[in-house]
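First the structure, in the form of structure tokens, and then the observations on it.
Just so it is clear, none of the values below were taken in a lab; they were calculated from the coordinates. The model shown is predicted, which means the values in this text are computed figures rather than measured ones. So basically every Cβ, Gly included, is an ideal-geometry build from the backbone, and we count neighbours across all protein chains shown.
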Amino acid sequence: MKRIVKIGKGKGKVLWKEVEVADSFLKHAKGIMFRKKIEKPLLFIFKKEAPVSIHSYFCIPFDILYMDKFGKVIDFVEKVRPGSVLSSVRCNYIIECGAGDIRRKKIRKGNKISF
């Protein structure tokens, strides 16, 4: 499914022109495992806010954004290394993107992400 991801209101800055969508249990479980590179960020959609733990087994380094039901960035982790297990964060959406994307795109806590 094609989705454009922007930061800010209205004609805000486009972060990614297209993302993959993980909206099922199997897609959530697989995430970006076994990929050699991240061509499109992966947007995780959860039916309701819940604590979510992330692991990076069988993954390349990546950045992760946690967002609330309004798309507000509530936390992020940069350059997650392979074999890591991250603490639970209560969120409605997650974006897994290429390592360094958060810094390059100047994403900060409190930014509103729309998709």
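Which pairs, out of LYS27/LYS48; LYS37/LYS79; LYS40/LYS106; LYS36/LYS69; LYS36/LYS79; LYS37/LYS112, put more than 20 Å between their alpha-carbon atoms? Kindly include the intermediate steps, with their values, before the conclusion.
On the way: LYS27/LYS48 16 Å; LYS37/LYS79 13 Å; LYS40/LYS106 18 Å; LYS36/LYS69 31 Å; LYS36/LYS79 15 Å; LYS37/LYS112 26 Å.
Violating the 20 Å Cα-Cα cut-off are LYS36/LYS69; LYS37/LYS112.
Enumerate by residue number the trypsin sites (Lys or Arg not before Pro) in the stretch 62-115 meeting two conditions: DSSP loop (anything except H, G, I, E, B), and at most 10 other Cβ atoms within 10 Å of the site's Cβ. The partial results should precede the final answer.
On the way: sites: LYS69, LYS72, LYS79, ARG90, ARG103, ARG104, LYS105, LYS106, ARG108, LYS109, LYS112; in loops: LYS69, LYS105, LYS106, ARG108, LYS109.
Hits after loop and neighbour filter: LYS106, ARG108.
Hey, fewest Cβ within 10 Å first, where do TYR57, TYR66 land in order?
Working: TYR57 11, TYR66 22.
The most exposed by this proxy come first: TYR57, TYR66.
For the stretch 82-98, just list the computed ³J(HN,Hα) in residue order, Karplus coefficients 6.51, -1.76 and 1.60, θ = phi - 60°, integers in Hz, with x standing in for Gly and Pro.
Per-residue couplings from phi come out as x, x, 7, 10, 9, 4, 5, 10, 6, 7, 10, 9, 9, 10, 9, 9, x Hz.
Treat the count of other C-beta atoms within 10 Å as a stand-in for reagent exposure and order VAL85, VAL52 from fewest to most. Can you show the working numbers first?
Numbers: VAL85 10, VAL52 19.
Going from least to most buried by this count: VAL85, VAL52.
Setting aside same-chain residues fewer than 8 positions from LYS105, which aspartates and glutamates have a Cα under 17 Å from its Cα?
Those aspartates and glutamates meeting the cut-off are GLU18, GLU39, ASP63, ASP75, GLU78, GLU96.
Can you run phi through the Karplus equation (6.51, -1.76, 1.60; θ = phi - 60°) for the stretch 68-80 and list ³J(HN,Hα) in whole Hz, with x for Gly and Pro?
Whole-Hz 3J(HN,Hα) from phi for the stretch 68-80: 7, 5, 9, x, 7, 5, 9, 6, 7, 9, 9, 6, 5.
Which GluC sites (Glu not before Pro) in the stretch 7-115 pass both tests, a DSSP loop state and at most 10 other beta-carbon atoms within 10 Å?
Here the sparse-neighbourhood loop sites are GLU39.
Hey, what D do you get for the chain in µm²/s if you plug the Kirkwood alpha-carbon radius into Stokes-Einstein at 37 °C and 0.692 mPa s? Please list the in-between numbers first.
Details: Rh = 14.0 Å.
Using the Kirkwood radius from Cα pairs, D works out to 234 µm²/s.
I want to check the label-to-label distance for LYS72 and LYS37. Put each point 7 Å from Cα in the C-beta direction and report it in nm to one decimal.
Using points 7 Å along Cα→Cβ, the separation is 3.7 nm.
What residues have an amide H closer than 5 Å to that of PHE44, excluding those fewer than 5 places away on the same chain, when H is modeled at 1.01 Å from N in the peptide plane?
HN-HN under 5 Å from PHE44: ALA22, ILE94, ILE95, GLU96.
HN-Hα J couplings of the stretch 99-107 from phi, Karplus 6.51/-1.76/1.60, θ = phi - 60°, integer Hz, Gly and Pro as x?
4, x, 4, 4, 5, 4, 8, 6, 7
Rounded to the nearest 5, what % of DSSP beta bridges with both residues in the chain are antiparallel?
90
With N residues in the stretch 54-99, what two-decimal value do you get for its Cα radius of gyration over 2.2 N^0.38 Å?
Details: Rg = 10.4 Å, N = 46, 2.2 N^0.38 = 9.4 Å.
Its radius of gyration relative to the 2.2 N^0.38 Å reference: 1.11.
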